[in-house]
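One structure is given below, encoded as structure tokens.
The values are calculated or read from the model by the stated rules, or taken from the named source; none is laboratory data. Treat the numbers as computed from the prediction; the structure is a model and nothing was measured. Glycine also receives a Cβ, built like all others from the backbone with ideal geometry; neighbour counts cover every protein chain displayed.
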């Protein structure tokens, strides 16, 4: 195959295919005497594996896994793939726990609030199992804003703010970034809090499912790569040099 053939079948540009070869994701292509690249099925399957794995585990980990196919025994490749699946499993477990916790937290009634029911930053940090600096960061990002009469006053968290902090903590544990939470929290402070949290967690669930499917597709392509020869025949040449392309 020519570079353009691999690019079209893998869904990449010609330059991206060359970059993948440069980065070791594709094994070195064979060359004709005049310097034209010759790709084989192992190159195409490697590109397809990388594309799927990048969607499932991220581009850095995907490069690491596919490069390993060309450099190490199959057992090491499978170990890397198992680790990627294990990380997704951990995320699923954390998400399930977040769903359970968020349901319990959002269903708690907050009645008869008194000034003495509030918590300072050290007390809330200890209750959540986080550092006070984490709560200060959440305050800076407008995720959980405590009561303060003046900038230098001690932060005091009312029961409602404590509940906000617990929700943020669970969503962070489930993998939510700061930016999505910054957009979500104002909605959670309004009516429909429980429904909004459930919707946010459902979106995270869908994201994990999509990444899991991508890993499955990547594993199929990796299996094909492992079944192919790990070396490219450097003596082959295109049937018609006019159909080839320069390096």
From the set of residues in the range 66-98 that are under 22 Å from residue 25 (Cα atoms), in contact (Cβ under 8 Å) with a residue 24 or more places away in the chain and touching a helix residue (DSSP H, G or I) at 6+ places or on another chain (Cβ under 7 Å), which is surrounded by the most Cβ atoms within 10 Å (Cβ to Cβ)? 66
Scan the range 186-195 and tell me whether some residue there is buried (at least 18 other Cβ atoms within 10 Å of the Cβ), part of a helix (DSSP H, G or I), at pLDDT 80 or above and not assigned by TED's automatic domain parsing to the domain that holds residue 67. no
Of the candidates 95, 81, the one satisfying the condition of being modelled with pLDDT under 95 and farther than 30 Å from residue 166 by Cβ is 81
Those residues that are modelled with pLDDT under 90 and surrounded by fewer than 12 Cβ atoms within 10 Å (Cβ to Cβ), I need them from the range 204-229; list them, please. 227, 229
